[in-house]
Amino acid sequence: MNKEYKWTLETGSKKYPCPGCQKKTFVRYVFADTRQHVGEQFGRCDRENNCGYHRAPEKDVEFPPHPPTKRKLPPPTVITPDEEYMQGIKNKQATNFHDFAKGKLGITAEHLQAWGVGTKWKFTAFLSTTKDQRTVNAKFVAYTSEGKRNKETGTDGTPKFIPHYLGKAYLRNMKVETDNARLEDWQDYYKFERCFYGEHLFDTKRDTCLVESEKTAVLAAFFFPNYNWLATGGNNGMTFDHFKLFYGYTGRIWNLVDNDQAGIKKSKTVAWLDKLAEMRDNKEKILSVNLFEKKPAGWDLADAIIFDKYRDPAQFEKDLNEAIDCRQQYDIDMESGEVRIKPKYESKAWKLDEKELKRARQVANRIFEEQVDIIAPDLHCKQRLMIAFTSFREDGLPLAIKVFGQHPGESEESIENFFHLVLKNTPGDDAKDFFKVAKAAGVETRYVKTARSEAAEGAEGIDAHEWKITWPDDLEHQDHFNEYEYREQTFSYSYIEHKNCIWYATFNNKDREIGFYKISNFVIRPLYLIKSKTDPKRLFEIKNIFGVKYIMDIPTKALVSLTEFQVFCESNGNFLFEGSKQQFTKIKRKLYDETKDAEEVKMLGWQDEGFYAFANGSYNSRFSKVDQYGIIKHLVEKSAEEAEEKYFFIPAMSSIYKDEKDQYDLEKKFVFIPRPEVKFSDWAQLFHDVYGENGVVGLSFYISSLFRDMIYSRFKFFPHLFHFGPPGTGKSTMCWSIQYMFGLERKPFMLNAGTAVGFHRTFAQFRNAVVWFDEYNNTIEYKRVQDLKSAYDGAGHVKGEWSASGGTSNKTTTTPVESACNISGQELPIADNALFKRCILLQYYKTIFSDEEKMRLTDLQKLQEKGLSHITGALMRFREKMEKEYFQVFDQVEKEIMEALEHDETIESRIIKNMAVVATTFKVLEHELPWPWNWPKMKEVIVKNIKSQNGLISNAKETNQFWDAVDYCISEGELKDGEDFKVEYCSSIKITVDRKPVERNLVPPQKVLFIRIATAHPKYMEALRKQGEKKGMDKGSLAHYLSHSPGFLGMVGSTRFKKGEKSFTSNAYAFEYKGLEDQGYNFDRFDEEEAEKEETEKKEMAVKFGDDQEVNF
C-alpha cells in the first residue's frame, strides 16, 4: 500500500449538492497537494443528523493515479482578531434577530450587548470571548424577521446566507494574507481559536446548562439567569480540550439536547460529558437531558421560549431536577407498580459473529503488515475503534494491539488497559466503525478468500516435540531457522529445503528420531497452475546450488511421470533430481498444496470477472501491473463485505516467453500506458477540433465499443463504423486515432490482401475494443463481404474439428466476434446493400487543409503517439452506470431521433438503430464526461448523417438504374459513342474543383468513361418511361448521386466530342471505366462493331469470289 496517498476535506465555504439529500450542503474530499476533487461522490454532508451522508475515498481512487505526498507545512498561525474590528461588530445592533429579540421577546439591548451579539451586513454576529476576556472568534448567522434562520436560496439553489466563523474574508479584508492561492487553502496556514460561546460570563458558583445554538444561549440566559449558559455551536462543535473549562468545577452540568435521537447518538458533547463525569466522584451531577421528547423532531429550548412561551424560571428548575439521562427511560412494573430506570436503547444479546471476526482479523493483519496508522488524533476516534474491537469480546484484544500499535505513543500495556476499560463499561455490538475507519484510510476491508486461507481453516498445530530431530548441515544455527515451520513441513511432507537442496526425512519410529539426506541439487518453488481445457500447465521456479534460476512452464500431464519431470529439469541445465517416485509424489503434494490457481486470459479487453485486461496488466478502477510471470491478482467481489482472491495469467508480457520475439506480437501493443497529464477533456476537444462532425460520431462509437458485450447481449448486433472517402481526406487518420486508445500502434488488416485465417482471427483478438479493416473495395472476395455482414450480428467463423483418430468429427469450433469494427476504403460498400445498412457511414471529402487545421492534427498526433489507453481504462468506471441506464435511455433516444426525422418511413430502420446505439452512450454519460458538444448538437449530427447514408443507399439503386438505362440507350442507338459519351485511355484528366481546373494524375493510365449528363439525362428518362419504370430522378439529383458514387473521378469542364465530321467541346462526368466493367457494363463498343463489320464484309466477299480465291483488302 502506498502510504503517501492522502486526501482531506476541502476547506473554504463552497458547498455542492449532496448525493444523499440533494441539498447544497456537501463538502468534497480533495487530494491534499493538488487540491483536485477526488470525485463528486466523495465527501461529507453538513446535515449530519438529517442526512448523514459521508463517503471517504478508497485507496484505489483513480484521479490522479499517483498523487504526491501532502507537503509538510509548519503549524498554522493562530490569528487573534483585531480588537477594533470586533468592537465595531459588537457595537452595532441592526439585524432581524436584534429586532425580534427586543420587539417580540422583550430582551434588553444591554443583555444583547453583554452577550456580544453584534452585526455584520445581514448577519447576526455572536462573538466568542474566553474566560480571560479575549475575543477569539465570531459566528455569523442570518435570521428572518420571525427569528428563524434565513434559509433563502439563490436562482441556482445555493443558500444565500451560510452560517460561518471568521475565516478567508477576514484574512483578505484585514490584509493578513494577500496571496489568493494561500487564501483558498487558508486553513493550512491560519487558525482561529474557538471557545464556548458565553464562556466570558462563566461563574463557578452557579450550575451550568449547555446548549448547541448561540441563539438559544442568549434567549435562555435572559429568562433563566440563575444558570451559566454555554453554547457549543453544534453537537460536534467542541473538542475535549475545551471541556478543561470544567476542571475543578463542582457545580451541576445539564446538557440540553435537541429533540433529535440521531443527533444524540452521534453527539461528541454527550461523549465528552460522559468522560468528564468519569473524572468526578459525583458523576450523576453531569447529565445530558431532553426536555422536549413529545415535541416535533429538532425542537429545542429556543423553540419552547418563542412558541410555547416557556419562560417560568421555577418550572424550568423543576423540569431540570426531575430530568433523567436522555439515553434512559422510566419503566413501570405493571404488577408491583415499581418504577425503574432502564436504557432507552436496549442492546441485543451478544453473539460472536465468526464471519466478521475472520474479516476483522484479515483487515487488522493488513494494517499491521503495511504499518498503516488509521487512528485520528482525537479521543472520539479511539473510542469508536475500541468499542468496535470489544464487539468480539476477548477475541478483539489481539486486533486492538495490532491496530493501535501503529499509532505513535501507544504501548501494548496502555492498549490492553484501554480495551478492558471499554469492554467493562461500553462493549460494542458490531465492528462497523472499525471497517469504516480502515476503509477511509485506504485499507482493503473485504474478507478475501484465498486457497491458503480456506485450506488453513480448522488446521491443527503440529504437536511433535517428543521427536528428536537432527537438522542437516547445522540448519538450526542459521539466522533464518524457524523450528516450528521446519517441523511442520517435515511432518506434513517428509522433506525440507536448505541451501538450495531438497533434504528427505528418515523416521526412526523406535527411537523417535528423524534424520535427513539430500535428493537433489536444486529447490523448486511452485508458482501457478494455469487452468485451461485445452492446454493446462504449471509454472515453477527452480534454483540450484550455484544460484542459477529458471522458470519452467510444464504441461500438467508431464508431472504424472518422474522421468518426464527429470527431462524438463535437466534440459534447462544443472538441475539433478535423484529421488524415488514415492519421494517425488510427496514433493508434488507440497507443490500442489502451495500452488495458486490462475486462469489464462485468452482474449485481451473486457473480462467477465470485472476488469479490463491489457497485455501488461489489468484495470479495475486502478491499474495492476502483471508480475514477471505474467500474473495479476484480482479480487472478485462476492458482497460488500467479502471478496475472493483470483489470479489471471496474461502471457504476452510474461518472462517465460521473453525469447519468443514473434509470439503475441499484436497483443504486446495492446498495453496500458499511464499518462495522467493527458485529460479526457483535452483529448476529446482536440479530437473534435480535428475531425469535426465525423469526430462526434467517431468518439461516441469508440466509447460504445468499450461496452459492446453488454449492448450485443440485448440487441444481438453491433454496428460497424465505415470511413469512406478518397485518399488524403483523413479517414485513415481517424482510424489510427482510435487505435491509439488501446495502446501502441497496431496496423490494420488489409481486406484486399490478408489471409482468411488472419481475417477471422482479427475479430477475436480483443474483447470490447476496436479492430480496423482497411482497403475495402467492392471487388474483394464476396465471402469476405458476407463475413463482414455476419460480424455485425456477432456470428463468427465456424469450422469442423479433427477427431483424435485423424478424421473429421461432429464437433465444431467458432472464432467469436468480440470487437467493434472500423472499416475504411475509397468505395462505398455497395457490393451488398445489406452490408451498407449494417454500417454507420462517415464521409470524408476535404483534401486541402489550412495551416491551422494541419497544426491541430499535428497536436493530436503528438498527443496520441505514446498511446492513450489510460483513458480507456478510466472509462471502465462507467460500466455499472451503463448497465443500469443504457437500455431504458436507448428507447428514449431512438424515439427522439425518429421525431427529428419526422417519422420518415423511407429511412431504413436499421440505420436509425445503428446510430441510436452510439447516441445512447453519449446520452447516458452526458453529465459524467466533459464532452466538447451537447445533446442538441449530437442529435443534429446524427440526423444529418442518417439522411445522407439513407440517400446513398437509395443512390446505389438509382445509379445502377441509370447505368442500365445508358446501356439500353447505347444498344438502341439513342446515345452515340463519341457524341454523347466516349471511352479513352488517360494518364491524367483535368477536373473542376471549386470552379478551378485541377490536374488529376491517373497511375497507372486507365480507361475513363466521359458522359455528357446534359444529353444522357433526357434519354435516361425516356428509356424508363418506355420500360414502364417509375419516373427517374431530376437532373440535379442524378448529378448529386453520380458524384457520390464509386468510381467517380470528377466533372471535366471541357473535353472534345465529335458529331459526324464536326468536333466540339463540352463538359462531362468522368468515371473509372473498370468499375463499370466489373458491374457487367460494356460501353466501349467501337472496336467490337468495327471487327463485326469487317468480318461480315469478309464473308460477303468470300461468297462472291469463291472460297479458293484470295481476297485482298
Looking at 517, 493, 486, 528, which one is touching a Phe, Trp or Tyr at 6+ places or on another chain (Cβ under 9 Å), of a type in the set (Phe, Trp, Tyr) and under 13 Å from residue 591 (Cα atoms)? 528
Output the residue which, of all residues in the stretch 992-1007 that are within 15 Å of residue 1053 (Cα to Cα) and in a strand (DSSP E or B), is nearest to the chain's Cα centre (by Cα). 993
If I filter the stretch 911-925 for residues that are hydrophobic (A, V, I, L, M, F, W, C) and touching a Pro at 6+ places or on another chain (Cβ under 7 Å), do I get at least one hit? yes
Filtering strands (runs of 3 or more DSSP E) wholly in the stretch 267-360 for at least 3 residues that are at pLDDT below 80 gives 328-332, 339-343
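To keep it simple, each residue is scored yes or no on (1) modelled with pLDDT of 85 or more; (2) surrounded by fewer than 18 Cβ atoms within 10 Å (Cβ to Cβ).
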position: 395; (1), (2): yes, yes
position: 405; (1), (2): yes, yes
position: 435; (1), (2): yes, no
position: 441; (1), (2): no, no
position: 452; (1), (2): no, yes
position: 464; (1), (2): no, yes
So residue 254 fits all but one of (1) modelled with pLDDT of 90 or more; (2) assigned to a loop (DSSP other than H, G, I, E, B); what number is the exception? (2)
Which listed residue, of 1018, 1005, is in contact with a Phe, Trp or Tyr (Cβ under 6 Å, 6 or more places away or on another chain) and surrounded by fewer than 16 Cβ atoms within 10 Å (Cβ to Cβ): 1005
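Say we look at the stretch 253-288 and pick out the residues that are farther than 17 Å from residue 232 by Cα and of a type in the set (D, E, K, R); which of these is surrounded by the fewest Cβ atoms within 10 Å (Cβ to Cβ)?
The residue in question is 281.
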If you scan the stretch 101-118, which residues turn out to be among the aromatic types (Phe, Trp, Tyr) and surrounded by fewer than 20 Cβ atoms within 10 Å (Cβ to Cβ)? none
Tell me which helices (runs of 4 or more DSSP H) are completely within the stretch 1009-1113 and hold 1 or more residues being at pLDDT below 85 and within 24 Å of residue 991 (Cα to Cα), or say none if there are none. 1035-1043, 1073-1078
Subset of the stretch 464-503 [polar (S, T, N, Q) and on the phi > 0 side of the Ramachandran plot]: 494, 500
The stretch 720-735 - residue that is among the small types (Gly, Ala, Ser) and in contact with a helix residue (DSSP H, G or I) (Cβ under 8 Å, 6 or more places away or on another chain) and, of those, surrounded by the fewest Cβ atoms within 10 Å (Cβ to Cβ): 725
Selected residue (criterion: farthest from the chain's Cα centre (by Cα)) from residues of the stretch 473-506 that are surrounded by fewer than 17 Cβ atoms within 10 Å (Cβ to Cβ) and touching a residue at least 40 places away in the same chain (Cβ under 8 Å): 499
Which residue pairs have Cβ atoms under 6 Å apart, sit 6 or more places apart or on different chains, and have a first residue in the stretch 925-945 that is in a loop (DSSP other than H, G, I, E, B) and a second that is surrounded by 14 or more Cβ atoms within 10 Å (Cβ to Cβ) and not hydrophobic (A, V, I, L, M, F, W, C)? 932/685; 932/688
Candidates 682, 665, filtered to the one that is more than 17 Å from residue 774 (Cα to Cα) and not in a helix (DSSP H, G or I): 665
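Residues that are hydrophobic (A, V, I, L, M, F, W, C), surrounded by 18 or more Cβ atoms within 10 Å (Cβ to Cβ) and touching a helix residue (DSSP H, G or I) at 6+ places or on another chain (Cβ under 8 Å): which strands (runs of 3 or more DSSP E) entirely in the stretch 562-655 hold 1 or more of them?
The strands (runs of 3 or more DSSP E) meeting that bar are 604-607, 611-614, 623-625.
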The one condition residue 238 fails out of (1) among the aliphatic types (A, V, I, L, M); (2) in a loop (DSSP other than H, G, I, E, B); (3) modelled with pLDDT of 90 or more is (3)
How many residues of the stretch 517-561 are in a helix (DSSP H, G or I) and among the small types (Gly, Ala, Ser)? The answer is 1
Looking only at the stretch 162-192, which residues are in a helix (DSSP H, G or I) and surrounded by 18 or more Cβ atoms within 10 Å (Cβ to Cβ)? 168, 170, 171, 183, 186
Kindly provide the set of residues from the stretch 119-145 that are under 16 Å from residue 199 (Cα atoms) and either surrounded by fewer than 19 Cβ atoms within 10 Å (Cβ to Cβ) or among the polar types (S, T, N, Q) (or both), ordered by number. 128, 129, 130, 131, 132, 133, 134, 135, 137
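The values are calculated or read from the model by the stated rules, or taken from the named source; none is laboratory data. It should be emphasised that the depicted structure is a prediction, and the values quoted were computed from it without experimental measurement. Heads up, the Cβs are rebuilt from the backbone with ideal geometry, glycines too, and the neighbour counts pull from every protein chain shown.
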